[in-house]
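The values are calculated or read from the model by the stated rules, or taken from the named source; none is laboratory data. Remember, it's a predicted structure, so these values are computed and weren't measured experimentally. A quick note on method: Cβ atoms are made from the backbone with ideal geometry, for glycine too, and the neighbour counts reach across all protein chains shown.
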Amino acid sequence: MTVALHVPRYADAPASLGKLANARPRPGLETAFDVARDDLLAVLTALRDEHDYQQLMEIAGVDYPDRAERFEVVYCLLSLTRNHRVRVHVATDEATPVPSVTSLWPVAGWLEREVFDMYGVGFSGNPDLRRILTDYGFEGHPQRKDFPLTGHVELRYSEAEKRVVYEPVQLPQDFRTFDFLMPWEGPDYVLPGDEKAAAPPTPPPPTPQTTDKPSDTGAGKPADAQVTKDARKPRAAKAKSAVTKPSPRKKP
């Protein structure tokens, strides 16, 4: 197999990243840096223009409720020429916005809206910072650790009002009253559908009739002997016997 030598393989972190200003390396196998909010734009600009990290692949959010600045905004960059990825982490809280990077990568507008919608992190300078995944009237931010898994409201289509209505979450417990100790063993009473297991087994179908003997088919030695005799006739005799005699004409 021929390998193109001019195509770089997955490379280690470039040595030039050691000179990246205002960025603290994070421990781990992957290349990542911690950056202060005020230095974010300068660091990302340097990574794009000086270190050839051309593409912004993703902006992710992380929630650490025990921290004073509970949120981390993670910028995932890709260098096509170096075949390498790098992450930049910025910490913030609910009240302090993070500088928007839409001036560096216009696609960041959509990604920042996702982080704002899921975590409630603000981005100063984003021209269209509004929800993108949840509904317009949604309350809260679903990816926060303190957001209930069931949510606060549920929606359904009302046939009477001909619209979607919002109601407080109600969790019916009719099918969750487990009154047995081991769920995989099952209860002592009969559940709907279990009566089928107690029904008698279906009897097997009757044995089909077969023609295992020549006498069952109407064949036998006499018939076989006549066939053998006809097969041994000369070809001319066979042709003569195959010609039918003309029927006699009736007199007028």
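For segment 129-155, a residue qualifies if it is more than 25 Å from the chain's Cα centre (by Cα) and either outside any loop (DSSP other than H, G, I, E, B) or surrounded by 13 or more Cβ atoms within 10 Å (Cβ to Cβ) (or both), and the qualifying residues are L129, F138, G140, V153. Pairs meeting the criteria (first residue in segment 1-23 and under 30 Å from D34 (Cα atoms) and in a loop (DSSP other than H, G, I, E, B), second residue at pLDDT 55 or above and among the basic types (K, R), beta carbons under 9 Å, at least 6 apart or on different chains) are P8/R82; A11/R82; P14/R82. Inspect all residues belonging to segment 61-70 and state whether any of them is without any contact (Cβ under 8 Å) to a residue 60 or more places away in the chain, among the acidic types (D, E), surrounded by fewer than 18 Cβ atoms within 10 Å (Cβ to Cβ) and assigned to a strand (DSSP E or B). Checking segment 61-70: not a single residue is without any contact (Cβ under 8 Å) to a residue 60 or more places away in the chain, among the acidic types (D, E), surrounded by fewer than 18 Cβ atoms within 10 Å (Cβ to Cβ) and assigned to a strand (DSSP E or B).
Taking the criterion of being over 28 Å from T96 (Cα atoms) and crowded, with 18+ Cβ neighbours inside 10 Å, the only residue of segment 40-54 that qualifies is H51.
For segment 36-56, does any single residue satisfy the condition of being more than 30 Å from D12 (Cβ to Cβ) and aliphatic (A, V, I, L, M)? Checked against the condition, which is being more than 30 Å from D12 (Cβ to Cβ) and aliphatic (A, V, I, L, M), segment 36-56 yields no hits at all. Evaluating V90 against the criteria (1) over 16 Å from D49 (Cα atoms); (2) in a loop (DSSP other than H, G, I, E, B) leaves one unmet condition, (2).
Okay, residues lined up against (1) modelled with pLDDT of 95 or more; (2) crowded, with 16+ Cβ neighbours inside 10 Å; (3) assigned to a loop (DSSP other than H, G, I, E, B):
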position	(1), (2), (3)
L56	yes, yes, no
Y75	yes, yes, no
R82	no, yes, yes
T96	yes, no, yes
V101	yes, yes, yes
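Got a number for residues in segment 87-117 being within 24 Å of F147 (Cβ to Cβ), among the hydrophobic types (A, V, I, L, M, F, W, C) and in contact (Cβ under 8 Å) with a residue 60 or more places away in the chain? Adding up the residues that qualify gives 1. Within segment 96-155, the residues that satisfy the criterion of being over 16 Å from C76 (Cα atoms), acidic (D, E) and touching a strand residue (DSSP E or B) at 6+ places or on another chain (Cβ under 8 Å) are D135, E139, E154.
Here's the yes/no breakdown for (1) surrounded by fewer than 10 Cβ atoms within 10 Å (Cβ to Cβ); (2) in contact with a helix residue (DSSP H, G or I) (Cβ under 6 Å, 6 or more places away or on another chain); (3) over 23 Å from S124 (Cα atoms); (4) modelled with pLDDT under 85:
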{"residue": "V3", "(1), (2), (3), (4)": "yes, no, yes, yes"}
{"residue": "R9", "(1), (2), (3), (4)": "yes, no, yes, yes"}
{"residue": "G18", "(1), (2), (3), (4)": "yes, no, yes, no"}
{"residue": "R24", "(1), (2), (3), (4)": "no, no, yes, no"}
{"residue": "A32", "(1), (2), (3), (4)": "no, no, yes, no"}
{"residue": "R37", "(1), (2), (3), (4)": "no, no, no, no"}
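The set of residues in segment 118-128 that are touching a residue at least 24 places away in the same chain (Cβ under 8 Å) and part of a loop (DSSP other than H, G, I, E, B) comprises G120, V121, G122, G125, N126, P127.
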